[in-house]
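Inspection log for the structure reproduced underneath, given as structure tokens.
Read-outs: derived from the displayed coordinates by stated rules, not from any lab. Remember, predicted model here, so these are calculated numbers, not experimental data. As a convention, Cβ positions derive from the backbone with ideal geometry for all residues, glycine included, and neighbour counts pool all protein chains shown.
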Amino acid sequence: MSDSPIFFERLSRRAFLGASALGAASVALSACTTTEVVTPPPVAAAPPGPALGDTATMYTARTDEGFQLPAIPVAKLDPKFVRQIVADPTGEKPGTIVVDVSEHFLYLVRDGGKAIRYGVSLGKAGFGWTGTAVVQARKKWPVWTPPPEMIQRRPELAKFKDGMPPGPQSPLGARALYLFRDGKDTMYRLHGTPEWDSIGKNASSGCVRFMNQDIIDLYSRVNGPAQVFVRANLSPAAKITAVSNRMAEPIDAGVPKDAEMLK
């Protein structure tokens, strides 16, 4: 639907004509109304967290925990995948995380009918999933250890069987949020990636990838267990559709011992 000034002008004119045509009925119905004035409840403030800032600032080069993160070339980004505050389309309670697989968006629901929307990369063919989970642990700059299943499929990764040191080129990026279901690790992750140009595509092994600057932002806002819904789309039908209960092929060897468990 258009939101241009012409549209609203026509809409207002139509509403006025409709009101005139129903004038007599409106007068009759007014006898059943009350003159009580109801004050709307105050809108709750958004949860604390860093401000978004302008695009260039959000994706500038930075030093984080001693690691140098390169700038994201924002001129090459599709604007819809830039981190931004939008009207919440999910209907979920504040603090909930919703992934819209069809659009490659992840929403962090805020108070006041708003959400922070991030562009993400999702699972390629054979690795996708829909379902529910809980962010149960998190880690800054995690060591990545490919599990035996992945090394068998990709023998060139055997050199990292004891772990790949953290850094800007790590497949887990600057942060990892570990998803659990019924108290067990699903092997799905919300994590960073150096491959910023994969955002908006199906390119990962079942997990949800972010630009490193975006996963740092999300990490800063998730300080306790958070409900996660991964949906095929945001239609009402998708909310009640049966979800996939399959587990991912492990992307790493498990939750690191030094990860922060969220309570």
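Overview of values
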{"read-out": "Mean projection area, nm², convex hull over Cα of segment 99-174", "value": "7.1"}
{"read-out": "Radius 12 Å from Cβ of Ala115, net charge of other residues (Lys, Arg +1; Asp, Glu -1)", "value": "+2"}
{"read-out": "Qualifying lysines (Cα of each under 26 Å from Cα of Lys257; at least 8 residues distant if same chain)", "value": "Lys139, Lys140, Lys159, Lys161, Lys184"}
